[in-house]
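One structure is given below, encoded as structure tokens.
The values are calculated or read from the model by the stated rules, or taken from the named source; none is laboratory data. In this text, all values refer to a predicted model and were calculated from it rather than measured experimentally. As a convention, Cβ positions derive from the backbone with ideal geometry for all residues, glycine included, and neighbour counts pool all protein chains shown. Each accessible area value is taken on the protein alone, full model and side chains, heavy atoms only, with ligands, DNA and RNA left out. Shrake-Rupley method; radii C 1.70, N 1.55, O 1.52, S 1.80 Å.
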Amino acid sequence: MENRFLNIFPGLSEERAIELLYTPMDQLEDASERYIAAAHLVNFPSARAIDALLAAVENGDSPLDNRIVRRKAVETLGRLKVERSLPVICACLQDEDHYLVENAAWAIGEIGCNDPEILEELTALLAKPRQSYRTIIQTLAKLGYTPATGRIAAFEQSPEPPIASAAITAVGRLSGERAGLERLLPFLQHPNVNARRGVIQDLMDSEYCEAIPRIAACPVSAVFRLRGIRHLADAGVPTGAVSFEQVESSLDRVIVDHPRFLEPVHRYERTPRLEELIEELYSTDFGRCYLATQTIIDYYPDAGPALVASFEAAGHNDYGAHYHIVKLLGWLRFGEAREIVVGALHDRRPQFMKSRSAAAVALAELGDARVLADLHSCLDSFIWELKYACLIALEHLEDPTGAQIALQDADWVVRAKAERQCTAPLAH
Amino acid sequence: MKSVVTTVLAAADAAGRFPSGSDLESVQGNIQRSAARLEAAEKLAAGHAAVVKEAGDVVFKKYPYLKSAGEAGDSAEKVAKCYRDIDHYMRLINYCLVVGGTGPLDEWGISGAREVYRALNLPTAAYVAAFQYTRDRACAPRDMGPQALTEFRAYLDYVINALS
């Protein structure tokens, strides 16, 4: 499980978090304190912490600030897979707060459950208006509740793409009929970014390894694509469903992440001005960021100074634009910005993690052999994407020692990449 | 972009009918509140940088996770806080105030976000705390008129509700 954000309140002790959770809302210094305590207790799975979380779930006071505490407590109990919390969590399934119902369904899926009564109660929610159908469908599929298949199939035609793709996935998983899963692929090109992100999760849940090259070309953040491809490789390589050699080119493409590898879903009526394009790099829809990146490469090869100015003004503190600017400084071979790129390679802020891989690739583009030591130092990282990016960068810079070091890596994908580099002739 | 007006007309059009009395009442109610909403939108547009910074600073000061997640040697500049998401939601709230409905948040900000936050384990608690703080510290008439503040708070609550 991704855990770099789990312990985000390190100053908050277990003792204090439990105390806060028991404190009445009107005696809190800030409205958010109980919510934060409920989130934070995921780090302390003691009996006392679990008792406090259970009490929070059972506190049915209706103000919003309490409702969100209940939801977070349910989520935390799910993350901790607390079996004894199932009765309390199941009691939430009939609550009027549909987000609480959603979190309860999700938590039941995390904890695991084969009680047909509970599974039938979950299925019955599909007939209730205004529910989080996608989450409920995902949970039923995860728990393998085949009697729900027909009722889930009715959602395959939902006008909401994330619900439709979850239903197609669930029917495929529950019936074992994989032929229908092909219908998931067009969602990778949906104009709505949530539909594109959602279907990657669905392809992961389906273990649909055939989709790996299509995921690689989907215009969403590389984080989502790598998460999907990595999951499918972890599942498919041991069973022989797919080989590392088959996955490698897709992985390379996403790690290198040049916009020409993507199938864009947006286009411009006219070529925007450079300032407009740089503004697009701050968009929350990465599909738009990649289109802007490609357009800058094609039409504004001298954009380096403007990109640096934008980075200094705002991009250094915006984890989206930060990534795209670092990439572009590499694609445009703007060597004057070398310090920015080296800085990004060593940036430890958790939200800026993907910029580190971007920086490794950009440094290779800048073709500066002074950075070999920087790239080598990153091979000690716990971030597999960064190590993989460093291997690609070092190969580009014709340095064979990186691959030698990585042959011993703890991560099998990094090892497999290093082995390929050691046995195959250098690409450049 | 969805608003009360477009929703009412889309429903009437789908049924091939004229808007009903209650349809027109809901449009009327929406228009009556528009002056307050636009006042809130104007104040938020003018002061969003300060609003975002204040909310973010308070949360990060109280819960300094960015500072501890880094490693020794990081300078103060390096751990400068990233308020990108808070600002993004403030912008969507501004659009909601202008349009008079939750369409902008629903279309761009919220749907799908819950799953992503849960799957990637992103720190929504910090964002929720920032929006709760903004909601609770904003006051009339210092920041905006009382009705404008009611409208602003309603959309802040909408974001808090949807993210948590």
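Structural remarks
- Residue in region A:69-85 that is closer than 14 Å to A:PRO24 by Cα, assigned to a helix (DSSP H, G or I), of a type in the set (Val, Ile, Thr) and at pLDDT 95 or above present: yes
- Among the residues of this structure, A:ALA364 counts as one that is under 28 Å from the mean Cα position of the chain (by Cα), in a helix (DSSP H, G or I) and under 21 Å from A:PRO259 (Cβ atoms).
- A:ARG183 open to solvent by 30 Å² or more (accessible area, probe 1.4 Å), at pLDDT 95 or above, in contact with a Leu (Cβ under 9 Å, 6 or more places away or on another chain) and part of a helix (DSSP H, G or I): no
- Single residue of region B:71-83 satisfying the filter (facing chain A (nearest Cβ under 7 Å) and within 27 Å of A:GLU29 (Cβ to Cβ)) that is modelled with the highest pLDDT: B:CYS82
- Subset of region B:15-32 [outside any helix (DSSP H, G or I) and in contact with a helix residue (DSSP H, G or I) (Cβ under 7 Å, 6 or more places away or on another chain)]: B:PHE18, B:PRO19
- The residue of region A:189-205 that is surrounded by the most Cβ atoms within 10 Å (Cβ to Cβ), among those that are without any contact (Cβ under 8 Å) to a residue 40 or more places away in the chain and farther than 15 Å from A:LEU232 by Cα, is A:ARG197.
- Filter pass, A:THR149 being of a type in the set (S, T, N, Q), more than 12 Å from every other protein chain (Cβ to nearest Cβ) and either in a helix (DSSP H, G or I) or within 21 Å of B:SER164 (Cβ to Cβ) (or both): yes
- The set of residues in region B:94-147 being open to solvent by 20 Å² or more (accessible area, probe 1.4 Å) and of a type in the set (Phe, Trp, Tyr) consists of B:TYR95, B:TRP108, B:TYR117, B:TYR133.
- The criterion of being open to solvent by 10 Å² or more (accessible area, probe 1.4 Å) and in a loop (DSSP other than H, G, I, E, B) does not hold for A:ARG356.
- Verdict on A:VAL82 being hydrophobic (A, V, I, L, M, F, W, C) and within 14 Å of another protein chain (Cβ to nearest Cβ): no
- Boolean, A:ARG333 is open to solvent by 30 Å² or more (accessible area, probe 1.4 Å), within 23 Å of A:CYS390 (Cα to Cα) and part of a loop (DSSP other than H, G, I, E, B): yes
- The residue that is farthest from the chain's Cα centre (by Cα), counting only those in region A:27-59 that are open to solvent by 50 Å² or more (accessible area, probe 1.4 Å) and away from chain B (no Cβ under 14 Å), is A:GLN27.
- Looking only at residues of region A:377-400 that are among the hydroxyl-bearing types (Ser, Thr, Tyr) and in a helix (DSSP H, G or I), we find that the one that is surrounded by the most Cβ atoms within 10 Å (Cβ to Cβ) is A:TYR388.
- Considering residues of region A:86-108 that are away from chain B (no Cβ under 11 Å) and not in a helix (DSSP H, G or I) only, the residue surrounded by the most Cβ atoms within 10 Å (Cβ to Cβ): A:ASP95
- Selection of first residues in region B:151-162 that are within 10 Å of another protein chain (Cβ to nearest Cβ) and of second residues that are outside any helix (DSSP H, G or I) and open to solvent by 10 Å² or more (accessible area, probe 1.4 Å), restricted to Cβ pairs under 6 Å at least 6 apart or on distinct chains, gives the following pairs, ordered by first then second residue: B:TYR158/B:THR102.
- Residue check for B:GLY56: at pLDDT below 75 and crowded, with 20+ Cβ neighbours inside 10 Å: no
- A:ALA403 vs. criteria in a helix (DSSP H, G or I) and without any contact (Cβ under 8 Å) to a residue 24 or more places away in the chain: yes
- Selection count, region A:271-299, where residues are open to solvent by 40 Å² or more (accessible area, probe 1.4 Å) and at pLDDT below 95: 3
- Residue check, A:GLU248 charged (D, E, K, R), modelled with pLDDT of 95 or more and over 22 Å from the mean Cα position of the chain (by Cα): no
- Number of positions in region A:316-328 that are part of a helix (DSSP H, G or I) and either facing chain B (nearest Cβ under 10 Å) or of a type in the set (A, V, I, L, M) (or both): 9
- Close Cβ contacts (under 6 Å, 6 or more residues apart or on different chains) running from residues in region A:237-256 that are under 18 Å from A:ASP411 (Cβ atoms) to residues that are of a type outside the set (A, V, I, L, M) and surrounded by fewer than 16 Cβ atoms within 10 Å (Cβ to Cβ) comprise A:SER250/A:PRO213.
- Among the residues of region A:279-299, the one identified as under 15 Å from A:GLY330 (Cβ atoms) and assigned to a loop (DSSP other than H, G, I, E, B) is A:LEU281.
- Note on region A:257-270: residues that are closer than 30 Å to A:CYS390 by Cβ and buried (at least 18 other Cβ atoms within 10 Å of the Cβ) total 3.
- Selection status of B:GLU39, modelled with pLDDT of 85 or more and either part of a helix (DSSP H, G or I) or open to solvent by 70 Å² or more (accessible area, probe 1.4 Å) (or both): yes
- Selection status of A:ILE111, within 21 Å of A:GLY144 (Cα to Cα), among the hydrophobic types (A, V, I, L, M, F, W, C) and open to solvent by less than 20 Å² (accessible area, probe 1.4 Å): no
- Here A:GLU160 qualifies as surrounded by fewer than 23 Cβ atoms within 10 Å (Cβ to Cβ) and closer than 16 Å to B:GLU107 by Cβ.
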